1. Looking at segment 109-126 only, could you name the residues that are of a type in the set (Val, Ile, Thr) and surrounded by 23 or more Cβ atoms within 10 Å (Cβ to Cβ)?
2. Can you say whether Gly134 is outside any loop (DSSP other than H, G, I, E, B), out of contact with any His (no Cβ under 9 Å at 6 or more places or on another chain), open to solvent by 10 Å² or more (accessible area, probe 1.4 Å) and not acidic (Asp, Glu), as far as the supplied structure shows?
3. Go through segment 70-81 and give me each residue that's part of a helix (DSSP H, G or I) and out of contact with any Leu (no Cβ under 7 Å at 6 or more places or on another chain).
4. Does segment 118-129 include one or more residues that are of a type outside the set (D, E, K, R), without any contact (Cβ under 8 Å) to a residue 60 or more places away in the chain and in contact with a Leu (Cβ under 7 Å, 6 or more places away or on another chain)?
5. Quick one: Met1 ticks every box in (1) of a type outside the set (Lys, Arg); (2) open to solvent by 50 Å² or more (accessible area, probe 1.4 Å); (3) within 21 Å of Ser157 (Cα to Cα); (4) modelled with pLDDT of 95 or more bar one, so which box is it?
6. Being open to solvent by less than 50 Å² (accessible area, probe 1.4 Å) and more than 16 Å from Gly220 (Cβ to Cβ) is the filter here; which residues of segment 295-310 pass it?
7. Which one of the conditions (1) of a type in the set (A, V, I, L, M); (2) without any contact (Cβ under 8 Å) to a residue 60 or more places away in the chain; (3) open to solvent by less than 10 Å² (accessible area, probe 1.4 Å) does Ala150 fail to meet, given that it meets all the rest?
8. Every residue in segment 82-91 that is in contact with a helix residue (DSSP H, G or I) (Cβ under 6 Å, 6 or more places away or on another chain), of a type in the set (Gly, Ala, Ser) and either loosely packed, with under 13 Cβ neighbours inside 10 Å or not in a loop (DSSP other than H, G, I, E, B) (or both), please.
Amino acid sequence: MRTIDDLDVSGTRVFVRADLNVPLDGDRITDDGRIRAALPTIQKLRERGARVIVAAHLGRPKGTPDPRYSLRPVAARLGELLGTEVAFAGDTAGESARATASALTDGQVALLENVRFEPGETSKDDAERRELAGRFAQLADLYVGDAFGAVHRKHASVYDLPGELPHAVGGLVLTEIEVLEKLTTDPQRPYAVVLGGSKVSDKLGVIDNLLGTADRILIGGGMVFTFLKAKGYETGSSLLESDQLDTVKSYLERAEREGVEIVLPVDVVAAEKFAADSPHAAVDVDAIPSDRMGLDIGPKSRELFAEKLADTRTVFWNGPMGVFEMEPYAGGTRALAQSLIDSDAFTVVGGGDSAAAVRALGFDESALGHISTGGGASLEYLEGKNLPGIDALA
């Protein structure tokens, strides 16, 4: 793949597909991590005299303009971080986008409105996506793919547009691939994977693939209750995917055959209801009350997980250990993050809620080896799947 160092960008209009899908509270950005991750590529292009046209998505507006998902607040924050005004186009690939792109001078930056306001962006119809890609191509001379969080999507601005323009991979995507290759090509051992989050069905593919790669798999979050149920424990009113029990049982049996250690919590924080002010207490996994739901791993499990990570050389973590957004159930995720910081392992935090938790709980990101910007993309990479947005940049 060509990098931006291989492109002559001075005086050219460069279309940069970035991942600026940040959480918003009204017009307030609550976590600007993805914007900051996009800065190096944009700044490098600016310094080399490019006229930078940034495109990104926000949320899932279903192919029609929706003010709740406007990128206008993102344009303002991007300008603050770059230290320069960022022009904002009021549409994605229409009259405002064309006028904004044409008005740029060397070193200036513009941000287009949410690409998912266009139905062609996420369409499964190849012709509809290509039509939108053609309109995008009219805005620029070159294309740079730097939206790692979207490379697993066959979308117009990610997959089809690189075929319309001379293109290169951005620095962020290049770094993400290099890091993930360390996890799939002869990782230093012991190699542990920590999986959390709500649904086990979201992680089936990666578990299946990692059973042939990892030495240990530690399971937390809401998904753990399907594992506990598969082992014969009662799980009260905890989140449970009954339709996945047979699959989980087969994974447990396969792990035992192949010598992969599956580490499950030995206690959980169980509450009467899904609320921060609900009565709650730590209980052993063989004693979860029928009227309570597990919302975090318990204190004994936190110690167990720390022990299982202490001697590791490589760790991949995707998914919080509990409902970290509520303080009574944030202890497991906080303890896990601290365990990774305390270890000597090369650690990769696999984007999504895990990355958000690291920042929300006040940890120094630099203390962890790498924090990915793409949860779904990193998981699919570890599943061994081809990523359309990477294939298109080859």
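The values are calculated or read from the model by the stated rules, or taken from the named source; none is laboratory data. Here the structure is a predicted model, which means the values were calculated and not measured. Heads up, the Cβs are rebuilt from the backbone with ideal geometry, glycines too, and the neighbour counts pull from every protein chain shown. Just the protein is used for accessible areas: all its heavy atoms, side chains included, with ligands, DNA and RNA removed. Shrake-Rupley method; radii C 1.70, N 1.55, O 1.52, S 1.80 Å.
1. Of everything in segment 109-126, those that are of a type in the set (Val, Ile, Thr) and surrounded by 23 or more Cβ atoms within 10 Å (Cβ to Cβ) turn out to be Val109, Val115.
2. Answer is yes for this residue.
3. Answer for segment 70-81, where residues must be part of a helix (DSSP H, G or I) and out of contact with any Leu (no Cβ under 7 Å at 6 or more places or on another chain): Arg72, Ala76, Arg77, Gly79, Glu80.
4. Looking for residues that are of a type outside the set (D, E, K, R), without any contact (Cβ under 8 Å) to a residue 60 or more places away in the chain and in contact with a Leu (Cβ under 7 Å, 6 or more places away or on another chain), one finds at least one in segment 118-129, hence yes.
5. Status for Met1: all satisfied but (4).
6. Scanning segment 295-310 gives no hits.
7. Condition not satisfied by Ala150: (2).
8. Ala87
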